[in-house]
1. Yes or no: SER214 among the polar types (S, T, N, Q), outside the structural domain of PHE125 (by TED's automatic domain parsing) and under 25 Å from the mean Cα position of the chain (by Cα)?
2. If I filter the stretch 167-189 for residues that are within 26 Å of VAL16 (Cα to Cα), touching a Pro at 6+ places or on another chain (Cβ under 6 Å) and assigned by TED's automatic domain parsing to the domain that holds ASP73, do I get at least one hit?
3. Considering only residues that are in contact (Cβ under 8 Å) with a residue 24 or more places away in the chain and loosely packed, with under 14 Cβ neighbours inside 10 Å, look in the stretch 117-129 and name the one that is nearest to the chain's Cα centre (by Cα).
4. Among PHE209, PHE235, which is the only one that is more than 12 Å from GLY317 (Cβ to Cβ), outside the structural domain of SER311 (by TED's automatic domain parsing), among the hydrophobic types (A, V, I, L, M, F, W, C) and touching a Ser or Thr at 6+ places or on another chain (Cβ under 8 Å)?
5. For the stretch 127-233, which helices (runs of 4 or more DSSP H) that fit wholly inside it have 1 or more residues that are aromatic (Phe, Trp, Tyr) and out of contact with any strand residue (DSSP E or B) (no Cβ under 6 Å at 6 or more places or on another chain)?
6. Please pick out the residue among ALA260, ALA251 that is buried (at least 18 other Cβ atoms within 10 Å of the Cβ), more than 15 Å from LEU345 (Cβ to Cβ) and at pLDDT below 85.
7. Would you please name the residue that is nearest to the chain's Cα centre (by Cα), looking only at residues in the stretch 39-56 that are crowded, with 20+ Cβ neighbours inside 10 Å and within 11 Å of LYS87 (Cα to Cα)?
8. Does the stretch 105-139 hold any residues that are of a type outside the set (S, T, N, Q) and at pLDDT below 90, and which are they?
Amino acid sequence: MPHLPIIHTPPAAGAVGNILVTDEAGFAVYANEGIAQKTGFSVAEIIDSKPGKLWGGRMPRSFYDRMWHTLRDRQSTFVGTVTNRAKTGREYEELLAVVPLENAGGSPRKYLALRPSNLAESERFLVEWRETFSSLRVSAKTVLPWLQHWFPAETGVISGQTGAFSDWVDRHWVAAIRERFQRRIDDRTLIEKAQHDPARFQELYEKYFDTVRSYFMRHLPGNHDQVSDLTQDTFIRAFERLEGYETRNAAYGTYLLRIAHSLLLNSFRRQPMVELSPDQPDPSAALPLVVETDWIWETPELSTRERVVLSAYYREGYSVREISERLGHSENATKLLLSRARKKLRPLLGSS
């Protein structure tokens, strides 16, 4: 059957549609930034979770029974309007268009949910979508040109692509997510082994010892005895909590740094005041930044972005470069945010 000509208006500049891929069990294996912006859940929170547990599950049971019967039993596309709930608690209605995908080799099925950025063109989108995904084993050559019109930022180079579209999804989308969160995946394996055999916790200790020690060295330069004690205390506390630990949206190293931060704050509370020296001092940081109590991280004097950057730098131990990569802006922008936050805090600290 010949394809309809693509005549719709291209998405507006900066507009991002929603793309979600789940495995056969319904766990997310790929999510783009568009769906993260829409739901309020980060890509890290979405991956390895069930959408129904995060933002879905608000429709009658009969709706989901009909959806899965259509997708799994009839092996057909499904379209519906659903009520979802963003991370903020706000409920909203949106289009749900899901197609089952099967690899050329007949490997386990995946489910692809797409939503265009321009909802005014939903009708046109659905007409083309139904035609494009007329088969479970639709080819990459068929899908990618169409997909590039609706989701130009998600496809990259499409010339010369062959084979099943589902295989392309595995190679380009799912593999990229797997690489991005490989540390978390590897950690899950180590954690499960340690939970069955506590002696295997040594592997986690060796993997993250330098990370934890470097965090304390950054904030307690030259105080080697205290650094050693706090490093050991961090792993002891983590080991004590190992049985109940559940892998969620972060690598185990991030979890350890949260414990380390808590221990560091406790050590500060046992002292009158402790200076935290930045890695790269700048002229705006002439006065030392001191930490006394937790209120400093939540003070309304700081903007949300300033609190995030300040906390990531001083509480979680991330470097300027790492913070910049996480937030998607330049290192100079991160330094500027840190500088502004320190300027706002100095009068408060001086009067506390």
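The values are calculated or read from the model by the stated rules, or taken from the named source; none is laboratory data. Because the structure is predicted, anything quoted here is derived from the model rather than measured. Neighbour counts run over all protein chains shown; Cβ positions are idealised from the backbone, glycine included.
1. On the way: among the polar types (S, T, N, Q): yes; outside the structural domain of PHE125 (by TED's automatic domain parsing): yes; under 25 Å from the mean Cα position of the chain (by Cα): yes.
Criteria met by SER214.
2. In the first step, residues of the stretch 167-189 are kept if they are within 26 Å of VAL16 (Cα to Cα); the result is 167-182.
Right, trim to touching a Pro at 6+ places or on another chain (Cβ under 6 Å) and you get none.
Among the residues of the stretch 167-189, not one is within 26 Å of VAL16 (Cα to Cα), touching a Pro at 6+ places or on another chain (Cβ under 6 Å) and assigned by TED's automatic domain parsing to the domain that holds ASP73, which makes the answer no.
3. Going through the stretch 117-129, the residues in contact (Cβ under 8 Å) with a residue 24 or more places away in the chain turn out to be 117-119, 121-122, 124-129.
This time we only want the ones that are loosely packed, with under 14 Cβ neighbours inside 10 Å, so: 119, 127.
Details: LEU119: 25, VAL127: 32 Å.
Once the filter is applied, the top-ranked residue is LEU119.
4. On the way: PHE235 fails: touching a Ser or Thr at 6+ places or on another chain (Cβ under 8 Å).
After applying the criteria, what remains is PHE209.
5. Details: elements: 140-150, 165-168, 175-180, 182-196, 201-219.
Once the helices (runs of 4 or more DSSP H) in the stretch 127-233 are filtered for at least 1 residues that are aromatic (Phe, Trp, Tyr) and out of contact with any strand residue (DSSP E or B) (no Cβ under 6 Å at 6 or more places or on another chain), what remains is 140-150, 165-168, 201-219.
6. Numbers: ALA260 fails: at pLDDT below 85.
When all the criteria are applied, what remains is ALA251.
7. For the stretch 39-56, the residue satisfying everything is PHE41.
8. Taking the stretch 105-139 first, the residues of a type outside the set (S, T, N, Q) are 105-106, 108-116, 119-121, 123-131, 133, 136-138.
If the condition is that a residue be of a type outside the set (S, T, N, Q) and at pLDDT below 90, then GLY105, GLY106, PRO108, ARG109, PRO116, LEU119, ALA120, GLU121, LEU136, ARG137, VAL138 are the ones that fit.
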